Each structure stands twice: as C-alpha cells, then as structure tokens.
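The values are calculated or read from the model by the stated rules, or taken from the named source; none is laboratory data. Note that the coordinates shown come from a computational prediction; the quantities given were computed from them, not determined experimentally. Positions of Cβ are backbone-derived with ideal geometry, glycine not excepted, and every protein chain shown enters the neighbour counts. Note: accessible area is taken over every heavy atom of the protein model, side chains too, but ligands, DNA and RNA are not part of it. Shrake-Rupley method; radii C 1.70, N 1.55, O 1.52, S 1.80 Å.
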Amino acid sequence: MFLSPMLKAILLGVIAVVFGLSRLARAYPRIAWLQVFRLPERQMSEEERTRRKRAENRRAGLEIILAGFVLPLVYFGLGVVFFTEPSRLEIVIVGALSLLGIGGGIWILATNF
C-alpha cells in the first residue's frame, strides 16, 4: 500500500538479481567478488543428513498416497461438472493410476521407516 508500483518493480528486480548472484556464488566458488553474495551453509553430520532424507522421503510417500486418493475424486468431479460420462477405459486408467500412486506411496513409506 505504501510503495508505488514502480518502486515495487525495482525492489523485485533487485531481489531477483541478488538471488541470482547468490546462486552464481555457489556455482563459482573461485570468483572472489561473488562470495559476498553467498549465503552461509549449515554443516550437517552424515547422521543428520540421512535422518532428513528419510523424513523427506516419508513426506513424499504421504503426498503420493494423497494424490492417489485425490485423482479419482478430481477426475469424476470434473466429469460431473462438465456433464461427461467416463468410459470403461477411462475408469480403468484412473483406477490403475490411483492404485499405482497409493501402492507406490506405501512402498516409499515402508522402505523409509
């Protein structure tokens, strides 16, 4: 509210340039002047890195399971909205994809607990 649209655009441009320079500083560590823009990295032990990776994999597994449950609801919900009747082939494909998502998510969860 208190910034003009022109000032907002300039500020967004400056933030984007600084973010880009930060990424370049990480990619080119031998260029000294870029290192001013480098964000500090948190050093993690191998155990903590492994624990975080397992937690991320469990979350991904839950998201895939959720997608497997939501896919048929969205597909058939859109069919109701647009007054289309799904064919048997479409039902089989959506069901197979849903079961594949649920099964894949369960497999990911089982391998990361």
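Listed by first and then second residue, the pairs with beta-carbon distance under 9 Å, at least 6 apart or on different chains, first residue in the range 42-66 and modelled with pLDDT under 95, second open to solvent by 60 Å² or more (accessible area, probe 1.4 Å), are 44/52. Touching a Ser or Thr at 6+ places or on another chain (Cβ under 6 Å) and either among the β-branched types (Val, Ile, Thr) or assigned to a helix (DSSP H, G or I) (or both): is that true of residue 71 in this structure? Yes.
The residue pairs whose first member lies in the range 1-17 and is farther than 17 Å from residue 37 by Cβ, whose second member is open to solvent by less than 100 Å² (accessible area, probe 1.4 Å) and assigned to a helix (DSSP H, G or I), and whose beta carbons are closer than 8 Å, counting only pairs six or more residues apart or on different chains, are 3/11. When 74, 94 are screened for being modelled with pLDDT of 95 or more, surrounded by fewer than 16 Cβ atoms within 10 Å (Cβ to Cβ) and of a type in the set (A, V, I, L, M), only 74 passes. Looking across 94, 36, one residue alone is β-branched (Val, Ile, Thr) and touching a Pro at 6+ places or on another chain (Cβ under 8 Å). It is 94. Only one of the listed residues (14, 36) is over 30 Å from residue 105 (Cβ atoms), β-branched (Val, Ile, Thr) and at pLDDT 95 or above. That residue is 14.
Those residues that are more than 22 Å from the chain's Cα centre (by Cα) and in a helix (DSSP H, G or I), I need them from the range 85-113; list them, please.
Here is the first cut: in the range 85-113, the ones more than 22 Å from the chain's Cα centre (by Cα) are 85-96.
Selection gives 88, 89, 90, 91, 92, 93, 94, 95, 96.
From the list 87, 22, which residue is open to solvent by less than 60 Å² (accessible area, probe 1.4 Å), touching a residue at least 12 places away in the same chain (Cβ under 8 Å) and hydroxyl-bearing (Ser, Thr, Tyr)? It would help to see each step written out before you state the result.
Values: 87 fails: touching a residue at least 12 places away in the same chain (Cβ under 8 Å).
The conditions single out 22.
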